[in-house]
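**Q** Below is one structure. I have some questions about it.
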Amino acid sequence: MLDKTWRPQEVEQRIYEAWEQAGYFRAGRVDGDPYCIVIPPPNVTGSLHMGHALNNTLQDVLVRWRRMKGQDALWQPGTDHAGIATQMVVERMLDREGTSRHDLGRESFVDRVWSWKAESGGTITNQLRRLGASCDWSRERFTMDDGLSAAVRKVFVELYKQGLIYRDKRLVNWDPKLLTAISDLEVEPTEQAGHMWHFRYPVEGEDGAFITVATTRPETMLGDTGIAVHPEDERYKALVGKFAVLPLVGRRIPIVADEYADPEQGSGAVKITPAHDFNDFEVGKRCGLEMINILDAHARLNENVPEAYRGLDRFKAREKVIADIDALGLLEKVDDITHTVPFGDRSGVVIEPWLTDQWYVDAATLAKPAIAAVEDGRVQFVPKNWENTYFEWMRNIQPWCVSRQLWWGHQIPAWYGPDGTIFVELTEAEAQAAAAAHYGAPTELRRDEDVLDTWFSSGLWPFSTLGWPEKTPELARYYPTDVLVTGFDIIFFWVARMMMFGLHFMDEIPFRTVYIHALVRDEKGQKMSKSKGNVIDPLELIEEFGADALRFTLSAMAAQGRDIKLSPQRVAGYRNFMTKIWNAARFCEMNGCVAVPGFDPASLKLPVNRWIAGAVAAAVSQVDRELAAFRFNEAAGAVYRFTWNTFCDWYLEFAKPLLLSNDESAAGETRATAAWVLHRILLMLHPFAPYVAEELWQRTGGDGSVMLQSWPETDFLDADADREFGFVIGLISEIRSLRSETNVPVKAEMAAHFPEADATHQGWIGTNWELISRLARLSGMETTMPKGQGAAEIVVDGLRVVLPLADVIDIDAERKRLAREVDKLDGEIARIEKKLSNESFVSRAPEHVVEQERERKEEATAARTKLGAALKRLSAA
RNA sequence: GGGCGCGUAGCUCAGUGGGAGAGCACUACGUUGACAUCGUAGGGGUCGCUGGUUCAAUCCCAGCCGCGCCCACCA
């Protein structure tokens, strides 16, 4: 006997363990067409947040559904080493211990990270298990596994040898806290209040003449090597070719003409600091200006500035420069402005453009086939509008800086000879062999200390996890994968890189569909992130409401195109839904409804059973269609509505009298039907709420595990039964509404008169009288007009239904109700008549629309006549 | 500056070229042997504003207002 409520906490983990041990998540169990999703690998040392919960729920829905459809589904799991993020976590731990990675040294530090990974790496995967994620854990991968690391090296070496990876000295985004380069994508431009300082630079040889420049970063003036003006700017034409004298430094700096200078901006003259500004770097190259690096790695002023400033932090230096310029009388003015300042997304400090040697990927070349694959539809984004975002970025893609000055990650397979010659090889031995060949003798080599950007290895994920570069059977069978499910925030970081690498190395797209889901935001609409500390813990929701409730909530809210703001109340609502299903099953159990082998809806006799069998078949096929189109919310909604509003609210109520009936054939048929429909519900529920589906499946006589069942497609519909129950439900609803509106006491019973019923209506009422009378609380059925004064009247499906007052109805309320109904119908009739009398409508609207309006008018008119007469009689009484 | 999206019931949000929806909240009634994590009934919206296209616009188009996000740039 089922308990009164579903207690997920007690069974979820047991069910999950049974599934996993039985091997139900494993790929290759069936011969069907392959279906593959690779998980967006979470950070190995991370923990589950709402974004993961949504992302993995949707993947699990797809995978479980496809398995039921007979496909050989592989959901490939794994985790990401998350270079910067993980290194920072461990560094913070060391800091608390009063030590640092530099104290430990590289090797010990990396060992320490590995042991932290061993310690905490299982957290996130265990949390995914709590959620119910049916990943093939036997194939779990980690981006720093031997195999995946080999793939990384091979990709690096090949790209290098193809000229698509190169070393270059240029400005990078330098993080002065983490002491590493970062990519453009890791920089967060942030709007801030700031100042624009206007400095006067004396013009050389022209006594008392100044040229005014403006800057938001006064300290950089110590590295100025020129001043640019627009070539067409009349104000400055005479100065081009002359020199200014840089205050505080004394350096002669040329005044050059360059189109970069905007006459509309500030004074029209712009100071050029080529070593510390991306635009100035370009101007400097064009105009042959000197590049003077004035900062060290910590963004302190270095030896290239006058002694007074050396060693100062950049912000201290700023204050001093301003004060000193002011003291010289060269500070023209200071404006308050708001401007955008680049911050490191991990470190939260201001990023410096800094001149260093780094490794770059020629992304523009790799992007071309990746753009084409989306253009020609081989890869489709859902929703489609994300393709614009993808194109926009890919078509303007910049060289990708892939080297990081970190210790945790894939060390770059590059070795340097004593003279700086670079040897890029898969192994040190190969590098040494190459060096020996190059130099004619064995030579001492120094390995590049840098590691690769984390996204370099994640970019290989769809094929590296399947065994590449080995030619494995899995790679042949599951690549290209089918769907990638992810948030739009990593389209650039990850999706674009997988496209580029997949097409380059596999010569084939990595996935056919990219499903972009919403972001789960906090209540202010802010993106949730660890560093902001605004994450909501899905585990708490799971503990309170169960994984199924959370999964169902996320599925139901995953409409395309809008972000999700989650409220626990909503999850509670879907927890109630789980309880509802549980109790429907409990009802079936209590009434002996057990699944009958070989049940065939076509052999059903009772219209009520034929009706519900058709309705569940329609619901199943709708869920199927919606999932095929990635409309998770519609799919979940269809399950919800059918289960609650159709099966529980109507069918089970109809079933009650039948189950208690002496007519054993009717009772038996209804028991079998209820059990059959319940099982269909559990099956279509399974992708969304697998735990409750499994528990109920097994406890209501289901065969084996719900996970092993086929998707319950049934081609059954009895249109007559459908119409019949449309009428029955309408009749009951109308009578209930009448009772309520005319203040009929709940316990009072009334007889219903159907004086004008035709054979069809009579038949429908007759066969279903028991159901109708029970749900509408009717004491009897007559085919005559009631005797006596006054009666309430309604019209259902054109049928006049008369309910004698019998002292139970509030006559005044009934008069008002009728008057309201008549008014409403008059309004509707007028609206339709206006439409139908419009010549253009009749001639131009499709025939079926016109016909529909005519039918509506007819119906409304008939009802209006009957209710009008009823009102008249009642008023006379 | 370029792009994307949003504005629908008190709240959170679905949805549609042809009779405005859900959940929660609210009101009234209700423990008939599945479920009070429930049932029945009900109130509540000029579908942001203004134009246009159309026989017909909440939906398509344009402009505007308000909000959010992404990209680029800002001496």
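**Q** Can you pull out every residue in the range A:1-31 that is more than 16 Å from RNA strand B (Cβ to nearest atom) and β-branched (Val, Ile, Thr)?
**A** A:Ile15, A:Val30 - these are the residues of the range A:1-31 that are more than 16 Å from RNA strand B (Cβ to nearest atom) and β-branched (Val, Ile, Thr).
**Q** Filter the range A:562-572 down to residues that are outside any loop (DSSP other than H, G, I, E, B) and open to solvent by 30 Å² or more (accessible area, probe 1.4 Å) and give me whichever is farthest from RNA strand B (Cβ to nearest atom).
**A** Let us first name the residues in the range A:562-572 that are outside any loop (DSSP other than H, G, I, E, B), namely A:564-565, A:568-572.
Those left that are additionally open to solvent by 30 Å² or more (accessible area, probe 1.4 Å): A:565, A:568-570.
Working: A:Lys565: 4, A:Pro568: 10, A:Gln569: 5, A:Arg570: 6 Å.
Of everything passing the filter in the range A:562-572, A:Pro568 is farthest from RNA strand B (Cβ to nearest atom).
**Q** Quick one: which of A:Ala595, A:Ala585 is within 14 Å of RNA strand B (Cβ to nearest atom) and surrounded by 14 or more Cβ atoms within 10 Å (Cβ to Cβ)? Give the derivation first.
**A** Values: A:Ala595 fails: within 14 Å of RNA strand B (Cβ to nearest atom).
Just a single option satisfies the conditions, and that option is A:Ala585.
**Q** Collect the residues in the range A:652-695 that are open to solvent by less than 30 Å² (accessible area, probe 1.4 Å) and within 12 Å of RNA strand B (Cβ to nearest atom), keeping them in residue-number order.
**A** Residues satisfying the conditions are A:Leu652, A:Phe654, A:Ala655, A:Pro657, A:Leu659, A:Ala674, A:Leu678, A:Ile681, A:Val692.
**Q** Would a scan of the range A:15-35 turn up a residue that is part of a helix (DSSP H, G or I), more than 26 Å from A:Ser149 (Cβ to Cβ) and touching a strand residue (DSSP E or B) at 6+ places or on another chain (Cβ under 8 Å)?
**A** Taking the range A:15-35 first, the residues part of a helix (DSSP H, G or I) are A:15-22.
Going one step further and asking which of them are more than 26 Å from A:Ser149 (Cβ to Cβ), we end up with A:15-22.
Imposing the further condition that a residue be touching a strand residue (DSSP E or B) at 6+ places or on another chain (Cβ under 8 Å) reduces the set to none.
The answer is no, given that none of the residues of the range A:15-35 is part of a helix (DSSP H, G or I), more than 26 Å from A:Ser149 (Cβ to Cβ) and touching a strand residue (DSSP E or B) at 6+ places or on another chain (Cβ under 8 Å).
**Q** Taking the conditions exactly as written (within 16 Å of RNA strand B (Cβ to nearest atom) and among the basic types (Lys, Arg)), does A:Arg67 satisfy them or not?
**A** On the way: within 16 Å of RNA strand B (Cβ to nearest atom): no; among the basic types (Lys, Arg): yes.
Spelling it out, it is not the case that A:Arg67 is within 16 Å of RNA strand B (Cβ to nearest atom) and among the basic types (Lys, Arg).
**Q** Going through A:Val379, A:Val451 one at a time, which residue ends up being closer than 22 Å to A:Val152 by Cα, touching a residue at least 60 places away in the same chain (Cβ under 8 Å) and not aromatic (Phe, Trp, Tyr)?
**A** A:Val451
**Q** A follow-up question, please. Here are some residues: A:Thr273, A:Thr338. Which one is open to solvent by 70 Å² or more (accessible area, probe 1.4 Å) and of a type in the set (Ser, Thr, Tyr)? So that I can check it myself, show each step before the final result.
**A** Details: A:Thr273 fails: open to solvent by 70 Å² or more (accessible area, probe 1.4 Å).
Only one candidate qualifies: A:Thr338.
Rundown of residues vs (1) within 16 Å of RNA strand B (Cβ to nearest atom); (2) among the β-branched types (Val, Ile, Thr); (3) touching a residue at least 60 places away in the same chain (Cβ under 8 Å); (4) buried (at least 17 other Cβ atoms within 10 Å of the Cβ), yes/no style:
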residue	(1), (2), (3), (4)
A:Arg318	yes, no, yes, yes
A:Ile322	yes, yes, yes, yes
A:Lys333	yes, no, yes, no
A:Ser347	no, no, yes, yes
A:Trp354	yes, no, yes, yes
A:Gln358	no, no, yes, yes
A:Lys384	yes, no, no, no
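**Q** So, one more: Against the definition (open to solvent by 10 Å² or more (accessible area, probe 1.4 Å), touching a residue at least 40 places away in the same chain (Cβ under 8 Å) and either in a helix (DSSP H, G or I) or not hydroxyl-bearing (Ser, Thr, Tyr) (or both)), how does A:Asn293 come out, yes or no?
**A** On the way: open to solvent by 10 Å² or more (accessible area, probe 1.4 Å): yes; touching a residue at least 40 places away in the same chain (Cβ under 8 Å): yes; either in a helix (DSSP H, G or I) or not hydroxyl-bearing (Ser, Thr, Tyr) (or both): yes.
Here the answer is yes, as A:Asn293 does meet what is asked.
**Q** Got a sec? Which of A:Ile84, A:Ile15 is of a type outside the set (Asp, Glu), touching a residue at least 24 places away in the same chain (Cβ under 8 Å) and over 30 Å from A:Ala559 (Cα atoms)?
**A** Working: A:Ile15 fails: over 30 Å from A:Ala559 (Cα atoms).
Only one candidate passes the filter, namely A:Ile84.
**Q** So, one more: Only residues that are among the basic types (Lys, Arg) and in a helix (DSSP H, G or I): list them for the range A:760-796, please.
**A** At the first step, the residues of the range A:760-796 found to be among the basic types (Lys, Arg) are A:774, A:777, A:787.
Correct list: A:Arg774 only.
**Q** Then there is this: Six or more apart or on different chains, Cβ atoms under 8 Å: show the pairs whose first residue is in the range A:603-615 and part of a loop (DSSP other than H, G, I, E, B) and whose second is modelled with pLDDT of 95 or more and open to solvent by 20 Å² or more (accessible area, probe 1.4 Å).
**A** A:Leu604/A:Arg610; A:Leu604/A:Glu669; A:Lys605/A:Glu669; A:Leu606/A:Glu669
**Q** Quickly run through the range A:613-651 and pick out the residues that are of a type in the set (Asp, Glu) and more than 13 Å from RNA strand B (Cβ to nearest atom). It would help to see each step written out before you state the result.
**A** Step one: list which residues in the range A:613-651 are of a type in the set (Asp, Glu), which gives A:624, A:626, A:634, A:649.
Of everything in the range A:613-651, just one residue is of a type in the set (Asp, Glu) and more than 13 Å from RNA strand B (Cβ to nearest atom), namely A:Asp624.
**Q** Quick check: is even one residue across the range A:360-368 within 15 Å of RNA strand B (Cβ to nearest atom) and modelled with pLDDT under 90?
**A** We begin by selecting, within the range A:360-368, every residue within 15 Å of RNA strand B (Cβ to nearest atom); these are A:363-364, A:367.
With the extra rule that they be modelled with pLDDT under 90, the set shrinks to none.
So far as the range A:360-368 goes, no, none of its residues is within 15 Å of RNA strand B (Cβ to nearest atom) and modelled with pLDDT under 90.
**Q** Tell me, which strands (runs of 3 or more DSSP E) wholly within the range A:121-232 include 3 or more residues that are more than 13 Å from RNA strand B (Cβ to nearest atom) and touching a residue at least 60 places away in the same chain (Cβ under 8 Å)?
**A** Where strands (runs of 3 or more DSSP E) fall fully within the range A:121-232 and carry at least 3 residues being more than 13 Å from RNA strand B (Cβ to nearest atom) and touching a residue at least 60 places away in the same chain (Cβ under 8 Å), they are A:165-175.
**Q** Looking only at the range A:483-500, how many residues end up being outside any helix (DSSP H, G or I) and of a type in the set (A, V, I, L, M)? Can you show your working first?
**A** Pass one, the range A:483-500, residues outside any helix (DSSP H, G or I): A:483-487.
Next, only the ones that are of a type in the set (A, V, I, L, M) stay: A:483-485.
The qualifying residues number 3.
**Q** Restricting to the range A:551-561, count the residues that are within 14 Å of RNA strand B (Cβ to nearest atom) and either of a type in the set (Ser, Thr, Tyr) or assigned to a helix (DSSP H, G or I) (or both). Working first, answer last.
**A** Going residue by residue through the range A:551-561, those that are within 14 Å of RNA strand B (Cβ to nearest atom) are A:552-561.
Checking which are either of a type in the set (Ser, Thr, Tyr) or assigned to a helix (DSSP H, G or I) (or both) leaves us with A:552-557.
Adding up the residues that qualify gives 6.
**Q** Scan the range A:744-756 and report the pairs whose first residue is more than 12 Å from A:Ala791 (Cβ to Cβ) and open to solvent by less than 20 Å² (accessible area, probe 1.4 Å) and whose second residue is of a type in the set (Ser, Thr, Tyr) and part of a loop (DSSP other than H, G, I, E, B), with Cβ atoms within less than 7 Å and a gap of 6+ or a chain change.
**A** A:Phe754/A:Thr783
**Q** Can you go through A:Gly788, A:Gly798, A:Gly827 and tell me which one is surrounded by fewer than 15 Cβ atoms within 10 Å (Cβ to Cβ) and in contact (Cβ under 8 Å) with a residue 60 or more places away in the chain? Outline the logic, then answer.
**A** Values: A:Gly788 fails: in contact (Cβ under 8 Å) with a residue 60 or more places away in the chain; A:Gly827 fails: in contact (Cβ under 8 Å) with a residue 60 or more places away in the chain.
Matching residue, one of A:Gly788, A:Gly798, A:Gly827: A:Gly798.
**Q** Turning to a different aspect of this structure: In the range A:398-407, which residues are modelled with pLDDT of 90 or more and either out of contact with any Phe, Trp or Tyr (no Cβ under 8 Å at 6 or more places or on another chain) or among the polar types (S, T, N, Q) (or both)?
**A** Step one: list which residues in the range A:398-407 are modelled with pLDDT of 90 or more, which gives A:399-407.
The answer is A:Ser403, A:Arg404, A:Gln405, A:Leu406.
The values are calculated or read from the model by the stated rules, or taken from the named source; none is laboratory data. All of these numbers come straight from a predicted model, not from anything done at the bench. Please note: Cβ atoms are built from the backbone with ideal geometry, for glycine as well, and neighbour counts cover all protein chains shown. These area figures cover heavy atoms from the full protein model, side chains too; ligands, DNA and RNA do not enter into them. Shrake-Rupley method; radii C 1.70, N 1.55, O 1.52, S 1.80 Å.
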